[in-house]
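Okay, structure first, notes after.
The values are calculated or read from the model by the stated rules, or taken from the named source; none is laboratory data. Since this is a predicted model, take the numbers as computed values, not measurements. Cβ placement follows ideal geometry from the backbone for every residue including glycine, while neighbour counts extend to all protein chains displayed.
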Amino acid sequence: MTTHTVLVTGANGYIGNAVARAFVRAGWITYGLVRSPLSEQKLAAEEIIPVVGIIDSRETHRSIQKALPARLDAIVSTTESLKDYGVHFENTIHLLRLLGASSTAAGRQPIVIFTSGCKDYGIGPHVDGEPGPPPHTEETPLRPPPVVAARTKFSVKIFDHTDLFGAVLVRPTNVFGRGSTYYQNFFAVAEQIADEGGRLIMEAPPNHIIHALHVDDCGDAYVAIASHPRVDEVRGQVFNISSYRYETVDEISRALITEYNIQGDPEYVDPKGRDAVLWMPMLVNFPQWVDSTKLRTVTGWNDRRPLFSEAIHVYRLAYEAAKEAGDEGVLRVQHVMGRITRPRNLL
């Protein structure tokens, strides 16, 4: 059996760790790049070989290279810095080119899967049950909101470096599951309302589309691309990663009401002009429908995990367990939520 080798950057991050675990399950020898030695033990326990280094510190790039085999079949980039995306991108490219040159010299030009996101397309706006634009495909013009404008601009430049690696750009939707990343906002708000009483308030219309997929299905999509036997069919391509169907604000609201025994129907309000902020930006009020037919057709990938509203109890238990264990991703998102949301003002 041929053994393949992959490096995943940001392997302790939410998507990065899911991607690394997916490669391990698929039988790849998987290296995970992390910034801190504190993450080494966790990665090793998941059968991911830890490599410590800092992408934004170029003096560490040679030590990263020395910790890896010369020949790599794939490199997956999952890190970003929205505050200074251009600088981080250039540092990432410096590392990718270094590793690409080393691997090419060893007889294997690696495939590089570079991560952006579906918010690069902007909102549709996509509204369930009403006439509107078709779902975003890979051909949809890019109209990002300001917060991801730099990412949208720089990420496509990955295709300028195909002399040393075969480039693929992926745009996942929001993801959920396990520690839940920003989807923990749903659990935190519902738990508070259940404890203190009141109605579930959603700062969006009930038919706004929310399109997301389980983080493990997202990880499997990366493996499907890297493992595709006809590399020319994926090299140089952009792929959206999304679940087989979208959900609506109303679907998720009613699932939360049932799960937390909240009284009454959800209340849908206009967020404009409100002093209080209940939901993270672009979570419920970013109506976007994303098509992933291209990825499914080319690679045969399909999502398998239930939608968020379909297995909300499972995902709640996973989130609560991660929170209780002091998961660093959960704590990081809680910190961000604490700076942006003010849910108690609405009860």
Extreme residue, surrounded by the most Cβ atoms within 10 Å (Cβ to Cβ), among residues of the range 200-211 that are of a type in the set (A, V, I, L, M) and not in a loop (DSSP other than H, G, I, E, B)
I210
Against the definition (aliphatic (A, V, I, L, M) and without any contact (Cβ under 8 Å) to a residue 60 or more places away in the chain), how does I15 come out, yes or no?
no
Could you please tell me which pairs satisfy a Cβ distance under 6 Å, a separation of 6+ or placement on different chains, a first residue in the range 190-218 that is modelled with pLDDT under 95, and a second residue that is among the small types (G, A, S) and crowded, with 19+ Cβ neighbours inside 10 Å?
L200/S253; M202/S253
Search the range 4-17 for residues being in contact with an Asp or Glu (Cβ under 8 Å, 6 or more places away or on another chain) and surrounded by fewer than 24 Cβ atoms within 10 Å (Cβ to Cβ), and hand back the single one that is nearest to T79 (Cα to Cα).
N12
Which residues, taken from the range 233-286, are part of a strand (DSSP E or B) and either modelled with pLDDT under 95 or β-branched (V, I, T) (or both)?
V238, I241, T248, E267, Y268
Of these, K153, K157, which one is in contact with a Leu (Cβ under 9 Å, 6 or more places away or on another chain) and surrounded by fewer than 17 Cβ atoms within 10 Å (Cβ to Cβ)?
K153
Being in contact with a helix residue (DSSP H, G or I) (Cβ under 9 Å, 6 or more places away or on another chain), surrounded by fewer than 24 Cβ atoms within 10 Å (Cβ to Cβ) and not in a helix (DSSP H, G or I) is the filter here; which residues of the range 212-229 pass it?
H214, S227, H228
The correct count of residues that are under 17 Å from the mean Cα position of the chain (by Cα) and either outside any helix (DSSP H, G or I) or surrounded by fewer than 17 Cβ atoms within 10 Å (Cβ to Cβ) (or both) in the range 307-316 is 2
Residue under evaluation A101, criteria (1) over 27 Å from S242 (Cβ atoms); (2) touching a His at 6+ places or on another chain (Cβ under 7 Å); (3) surrounded by 15 or more Cβ atoms within 10 Å (Cβ to Cβ), criterion not met
(2)
Could you tell me whether any residue of the range 317-327 is in a helix (DSSP H, G or I), free of Cβ contacts under 8 Å to residues at least 60 places away in the same chain and within 20 Å of the chain's Cα centre (by Cα)?
no
Please go through (1) assigned to a helix (DSSP H, G or I); (2) among the small types (G, A, S); (3) on the phi > 0 side of the Ramachandran plot for G129 and return the number of the only condition it doesn't satisfy.
(1)
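Per-residue answers, yes or no, for (1) out of contact with any helix residue (DSSP H, G or I) (no Cβ under 6 Å at 6 or more places or on another chain); (2) surrounded by fewer than 14 Cβ atoms within 10 Å (Cβ to Cβ); (3) without any contact (Cβ under 8 Å) to a residue 40 or more places away in the chain:
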| position | (1), (2), (3) |
| --- | --- |
| T2 | yes, yes, yes |
| A26 | no, no, no |
| K42 | yes, no, yes |
| T78 | no, no, no |
Considering residues of the range 178-199 that are buried (at least 20 other Cβ atoms within 10 Å of the Cβ) and in contact with a strand residue (DSSP E or B) (Cβ under 7 Å, 6 or more places away or on another chain) only, the residue farthest from V330 (Cα to Cα):
Y183
Expected output for the range 280-300 (first residue surrounded by fewer than 18 Cβ atoms within 10 Å (Cβ to Cβ), partner part of a loop (DSSP other than H, G, I, E, B) and charged (D, E, K, R), Cβ below 6 Å, 6+ apart or cross-chain) is K294/E138
Of the conditions (1) touching a residue at least 12 places away in the same chain (Cβ under 8 Å); (2) closer than 26 Å to E138 by Cα, H94 satisfies every one except a single condition; which number is it?
(2)
